[in-house]
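Please read the structure below before turning to the comments.
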Amino acid sequence: QQQVKQSPQSLIVQKGGISIINCAYENTAFDYFPWYQQFPGKGPALLIAIRPDVSEKKEGRFTISFNKSAKQFSLHIMDSQPGDSATYFCAASKSQAGTALIFGKGTTLSVSS
Amino acid sequence: NAGVTQTPKFQVLKTGQSMTLQCAQDMNHNSMYWYRQDPGMGLRLIYYSASEGTTDKGEVPNGYNVSRLNKREFSLRLESAAPSQTSVYFCASRHRGTYEQYFGPGTRLTVT
């Protein structure tokens, strides 16, 4: 049973457009929701994260929107740039010590110039 | 600070061979993790170590063993490699009281 479902699998956006990636989770005990960015041949790197006590968090061009009642969260990339082309993973975890992240299957974003 | 380092970067094994993937972190983190990444599958947890001296199974532990050698090092061993273990393996670490996991650059393993 997949605990974190991510969509779409791939996304093509024009330069300057908005990229939107969605995730849904099942376990209501999750209380930390990060997004990771991964470039080819590299390890994932934390992009932005949110706790369930807020509905939105913005860092530069990247925004997480969080809907606790729907158990959904999404990543919005404003003014998408070719350098944003990468694979994006949503994840979720509980706050207990040592708890691992549960990842979505990833979204490959291509920003065309 | 090197962060999380992994060795080797690439490895080719024949079916039945054994090997150990090494991971070390210099951030004084308490928890360490091993994930595998397969196309279209995201990252799946193999084993983790919440703190020095403890290890626990993750989602896909079969065919693997781990050792938390000390606070810095967490190794992953394949005793008898199988083609199904062809994957990219990532090690990660996390500091107690925080949420962020820091990932290493990965080991690309091919089993023929």
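Numbers at a glance
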item	result
Solvent-accessible area buried by pairing B with A, both sides, nearest 100 square angstrom, 1.4 angstrom probe	1600
Amide H partners (placed H, <5 Å) of B:Thr86, local residues excluded	B:Val111
HN-Hα J in Hz across the range A:33-50 - Karplus 6.51, -1.76, 1.60, θ = phi - 60°, x for Gly and Pro	10, x, 10, 10, 10, 10, 9, x, x, 10, x, x, 10, 4, 9, 6, 9, 9
Semi-axes of the equivalent ellipsoid for chain A, Cα gyration tensor, largest first, Å	23, 15, 12
Karplus 3J(HN,Hα) series, Hz, for the range A:14-22 with 6.51 cos²θ - 1.76 cosθ + 1.60 (x for Gly, Pro)	6, 3, x, x, 9, 9, 10, 10, 10
Cα centre as origin, Lys/Arg/Asp/Glu Cβ charges: the range A:1-62 dipole, Debye	300
Dipole moment magnitude, nearest 20 debye, the protein assembly as shown about Cα centre, only Lys, Arg, Asp, Glu C-beta charged	180
Average beta-carbon neighbours from other chains, 10 Å sphere, peptide B:96-102	5
Beta bridges per DSSP with both ends in chain A, % antiparallel, nearest 5	90
Charged-residue dipole, Cβ positions (Lys, Arg, Asp, Glu), chain B about Cα centre, Debye nearest 20	120
Vicinal HN-Hα couplings computed from phi for the range A:70-75 (Karplus, 6.51 cos²θ - 1.76 cosθ + 1.60; Hz; Gly/Pro x)	8, 6, 9, 8, 9, 10
Other-chain or far-sequence residues with amide H under 5 Å of A:Lys105's (modelled H)	A:Gln6
Å² per residue, accessible surface of the range A:31-90 at 1.4 Å	45
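The values are calculated or read from the model by the stated rules, or taken from the named source; none is laboratory data. In this text, all values refer to a predicted model and were calculated from it rather than measured experimentally. Every residue, glycine among them, receives a Cβ derived from its backbone with ideal geometry; neighbour counts consider all protein chains shown. To get the accessible areas, we keep the full protein, side chains included, count just its heavy atoms, and leave off ligands, DNA and RNA. Shrake-Rupley method; radii C 1.70, N 1.55, O 1.52, S 1.80 Å.
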